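*Asks:* Below is a structure I'd like to ask you about.
Every number in this text was worked out from the coordinates using simple rules, so none of it is lab data. If you're wondering where the values come from, they're calculated on a predicted model, not measured in any experiment. Every residue, glycine as well, gets a Cβ built from its backbone with ideal geometry; the counts of neighbours run over all protein chains shown.
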Amino acid sequence: HSTTEAQRSAYYVTTPIYYVNDRPHLGHAYTTVAGDVLTRWHRQRGEKVWYLTGTDEHGQKILRTAEANGVTPQEWCDKLVEEAWKPLWQHLNIANDDFIRTTQKRHTDRVQEFVQDLHDKGEIYKGGYSGPYCVGCEEYKLPGELLPGATEDEKLCPIHKRPVEWLEEENYFFRLSAYGPKLLEFYAANPDFIQPATARNEVLRFVEQGLQDLSISRSTFNWGVPLPWDEKHVLYVWVDALQNYITAAGYGSDPARFAELWPASVHLVGKDILRFHAVIWPAMLMAAGLPLPKRVVANGWLMVGGEKMSKSNLTGIAPTDLTSHFGVDAYRYYFLRAIPFGTDGSFSWEDFTARYTSELANDFGNLASRVAAMVGKYFDGALPAATAAGAAEQTVAEGLAKAAETADRKIGEELDFAGGIAAVFEFIKLVNGYLTEQEPWKVAKDTSEEGQARLATVLYTAAEALRATAVLLNPLMPTAAAKLWDSLGAEASLGALADQTIGTVADWGRLPAGSTVTKGDILFPRLEEKPAS
Ligand code: ME8
């Protein structure tokens, strides 16, 4: 990157825009929390960041749900967005900069211009298609991937395990097949475009087999964006949905903003929608002559009983069922810490409880409250200076440097959240070990000048380690980090927690002696007994 480019472009992260046929569950929150931590991390680096999420509101799935509930699809979407989706993101402390809804005019107008442009360029033609369609996926399926159903004629979607429908329609088609070679060339030139490697390999194999043209319109229902040149057709919901990433970024409406945001830095997607993002979307952008996103990163599935947690399988657990027990910070922590990003995983109450108790309450929370209590007890809450630092203190400072470097690389670059969080918690362990070894509560009994200097040094070292920990954990657990920042009295000397940068977090000695340390709220209170179920 040249300096000018780096200054001009923002770190732009997107989530999938979720179908609002139902309420959000743990799976949706998983991707959105990951994106939030990623963007907060880059913000904490001092970069300009833009985080987009939103909702996918067209198509047959939404239409049918609305009909079944006796309301118009727009009414249904408005209700779900306002009553379920937006409140959840607020509850989970998601700091998105925008929320796009595909029924907004700022989106539909631009979508019509985009497809008209492709039509004008000869990328779209009229044809016919018949094949099995899964409304749950909003996708034509290939006969070979279907599972047998209850009768000989019935076939099931491999993801939803529900019967597919046979669709036969006159459609418009996008010349996707022409883009296979160009896509393969692009993947080869940009080996990091699709991550993780398993996802990349899957896409490569798929494209190498040869692509079929893509049906991009439907004429048997009208809940969608009308094709500007043939209003009997609405645009296929996926083609409409993918464009949210550019319509929200100012494509066709705000050139300066679009230049700053596009191409996106990272599209976060579940592995089920990888092909749409890594094949169809790049091909459409190529056809339109627009730059391609820099990365598409696929997360694995949260599983229930060996199947993908899903609304249609009725296995969706509401995030609030867990946050009401563990709290929002612990929730944000648990899923990213417990499941390596990119692989499938499942949630268990026992595992969550165990991690909460040992890692959050004991290792981290107790450390913070012990240090604050000792500074209160021995120094009246005024942080003493480290006048007698030696090798043990050096080890803590070095441990911090290593943790900061590792976390920055793993979270900020590799999206290895579990690895990055582990690095910070290893540092917390190191500080706990340091206190256990130094035994400040014993040193305190030595009233000689030397003894008091050692006591001051040990407590300063622990508090300074906590100062850095608050910064490193702020993107992941903003509430706990803010409480810790507060209890260290850091704001008065160092300013707002949000303004601390990752680049300076390991500069040892930033927290000034004399800071007012108070015993704040307990960061992670003991859990109540599990409610009887
Ligand atoms: O696919 N585990 O919307 P959607 C992990 N509207 N992540 C999960 C999950 C699970 N069990 N279940 C859902 C759509 N997700 C389209 C997207 S984008 C232009 C259009 C997450 O409501 C995961 O990120 O079905 C997945 O990709 C997304 O929710 C799908 O949400």
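*Asks:* Quick one: Karplus J couplings for the range 370-385, per residue in order, coefficients 6.51, -1.76, 1.60, θ = phi - 60°, nearest Hz, x for Gly and Pro?
*Replies:* Taking θ as phi minus 60°, the curve returns 5, 5, 4, 5, 6, 5, x, 5, 8, 10, 6, x, 9, 4, x, 7 Hz for the range 370-385.
*Asks:* Report Rg (one decimal) and Dmax (nearest whole number) for the range 129-223, counting Cα atoms only, units Å.
*Replies:* 15.8, 47
*Asks:* I need two numbers for the range 383-533: Rg to one decimal and Dmax as a whole number, Cα atoms only, in Å.
*Replies:* Looking at the range 383-533, its Cα Rg and Dmax stand at 16.3, 58 Å.
*Asks:* Defining a contact as two alpha carbons under 8 Å apart and six or more residues distant in sequence, what relative contact order in percent does the range 318-471 show?
*Replies:* It comes to 30 percent, rounded to a whole number.
*Asks:* Cysteines without a disulfide-compatible partner in the chain, using Cβ under 4.7 Å as the rule?
*Replies:* Result for the chain is Cys77, no neighbouring Cys Cβ within the cutoff.
*Asks:* Follow-up question, since we're still on this one. Quick one: angle between helix 26-44 and the longest Cα principal axis of the chain, in degrees between 0 and 90, rounded to 10, please.
*Replies:* So the inclination is approximately 60 degrees.
*Asks:* Can you pull the three principal axis extents for the Cα set of the range 290-367, in Å, largest first?
*Replies:* Principal axes ranked by extent give 51, 33, 20 Å for the Cα atoms.
*Asks:* Would the chain count as rounded, prolate or oblate if I go by the C-alpha gyration tensor, calling it rounded below 1.5 in a/c and otherwise prolate when a/b exceeds b/c, oblate otherwise?
*Replies:* Cα axes put the chain in the prolate bin.
*Asks:* As a test of the formula, what do you get for the chain when each DSSP H run with n ≥ 4 contributes -39,500 (n - 2.57) and the sum is divided by the residue count, at 222 nm and rounded to the nearest 500 deg cm²/dmol?
*Replies:* Here the helix-only value at 222 nm equals -13000 deg cm²/dmol.
*Asks:* Which of Met284, Met303 has the fewest other C-beta atoms within 10 Å, and how do the rest follow up to the most?
*Replies:* Lowest to highest Cβ neighbour count: Met303, Met284.
*Asks:* So which trypsin sites (Lys or Arg not before Pro) in the range 94-133 pass both tests, a DSSP loop state and at most 13 other Cβ atoms within 10 Å of the Cβ?
*Replies:* Lys121
*Asks:* If you don't mind, another one. Where Rh denotes the Kirkwood radius from the mean inverse Cα pair distance, what is Rg over Rh for the range 78-138?
*Replies:* Taking Rh as the inverse mean 1/r over Cα pairs, Rg/Rh reads 1.14.
*Asks:* Sorting His233, His58 on the 10 Å Cβ count, fewest up front, what's the list?
*Replies:* His233, His58
*Asks:* Something else now. Show me, for the range 393-404, the HN-Hα J-couplings you get by feeding each phi into the Karplus relation (A = 6.51, B = -1.76, C = 1.60, θ = phi - 60°), rounded to Hz, glycine and proline as x.
*Replies:* With coefficients 6.51, -1.76 and 1.60, one gets 5, 4, 5, 5, 4, 5, x, 5, 4, 5, 4, 5 Hz.
*Asks:* Separate question: How many times 2.2 N^0.38 Å is the alpha carbon radius of gyration of the range 9-122?
*Replies:* This ratio for the range 9-122 stands at 1.21.
*Asks:* Shifting gears a bit: What three numbers, in Å, describe the spread of the alpha carbons of the range 131-187 along their principal axes, ordered from the longest?
*Replies:* So the three principal-axis extents are 43, 28, 18 Å.
*Asks:* Moving on to the next point. For the range 502-515, just list the computed ³J(HN,Hα) in residue order, Karplus coefficients 6.51, -1.76 and 1.60, θ = phi - 60°, integers in Hz, with x standing in for Gly and Pro.
*Replies:* 4, x, 10, 4, 8, 5, 5, x, 5, 6, x, 4, x, 4
*Asks:* Can you tell me which lysines have their Cα less than 17 Å from the Cα of Lys48? Leave out same-chain residues fewer than eight positions away.
*Replies:* Lys294
*Asks:* Name the long-range amide H neighbours of Tyr18: under 5 Å, sequence gap of 5 or more, or other chain; modelled H, no Pro or chain starts.
*Replies:* The answer is Gly54, Thr55, Asp56.
*Asks:* Express as a percent, rounded to the nearest 5, the fraction of DSSP beta bridges in the chain (both residues included) that run antiparallel.
*Replies:* 55 percent
*Asks:* Hey, what does the equivalent ellipsoid look like for the range 202-320, semi-axes from the Cα gyration tensor as sqrt of 5 times each eigenvalue, largest first, whole Å?
*Replies:* Rounded to whole Å, the semi-axes are 26, 21, 18.
*Asks:* Could I ask something else about it? Mind putting a number on the dipole of the chain about its Cα centre? Charges go on the C-beta only, +1 for Lys and Arg and -1 for Asp and Glu, and I need it in Debye to the nearest 20.
*Replies:* 460 debye
*Asks:* OK, next. Among Ala480, Ile339, Ser265, which residue has its Cα furthest toward the positive end of the charge dipole of the chain, with +1 on Lys/Arg Cβ and -1 on Asp/Glu Cβ?
*Replies:* Ala480
*Asks:* Rank Thr518, Ala407, Gly503 by how far each Cα sits towards the positive end of the charge dipole of the chain (+1 on Lys, Arg Cβ; -1 on Asp, Glu Cβ) and give me just the farthest.
*Replies:* Of Thr518, Ala407, Gly503, it is Thr518.
*Asks:* Then there is this: From the P(r) of the range 362-407, could you give the percentage of C-alpha pairs in the tail past 14 Å?
*Replies:* Result: 68 percent of Cα pairs exceed 14 Å.
*Asks:* With charges only on Cβ, +1 for K and R and -1 for D and E, what is the dipole size of the range 443-491 about its Cα centre, in debye, rounded to 20?
*Replies:* In total the dipole reaches around 180 debye.
*Asks:* Sticking with this one: Quick query: amide H of Tyr12 versus all other amide H atoms, modeled in the peptide plane; which residues come in under 5 Å with a sequence gap of 5 or more or a different chain?
*Replies:* So Tyr12 has HN proximity to Trp50, Ser265, Val266.
*Asks:* Near the amide H of Phe347, under 5 Å away, which other amide H atoms are found, from residues 5 or more places off or on another chain, if H is placed in the peptide plane?
*Replies:* Met303
*Asks:* I would also like to ask the following. Return one number: the angle in degrees, 0 to 90 and rounded to the nearest 10, between the long axis of the Cα atoms of helix 197-208 and the longest principal axis of the Cα atoms of the chain.
*Replies:* 10 degrees
*Asks:* Sorted from largest down, what three extents in whole angstroms do the Cα atoms of the range 155-195 have along their principal axes?
*Replies:* That works out to 40, 27, 11 Å along the principal axes.
*Asks:* Arrange Asp240, Asp363 by Cβ neighbour counts within 10 Å, fewest through most, would you?
*Replies:* Ordered by Cβ neighbours within 10 Å, fewest first: Asp363, Asp240.
*Asks:* What whole number of Å gives the distance from the Cα centroid of the range 17-57 to the Cα centroid of the range 266-311?
*Replies:* If we compute the Cα centre of each part, the gap is 14 Å.
*Asks:* From the square roots a ≥ b ≥ c of the eigenvalues of the alpha-carbon gyration tensor of the range 444-528, which class results: rounded (a/c under 1.5), prolate (a/b over b/c), or oblate?
*Replies:* It is oblate, given that a/c is not under 1.5 and a/b is not larger than b/c.
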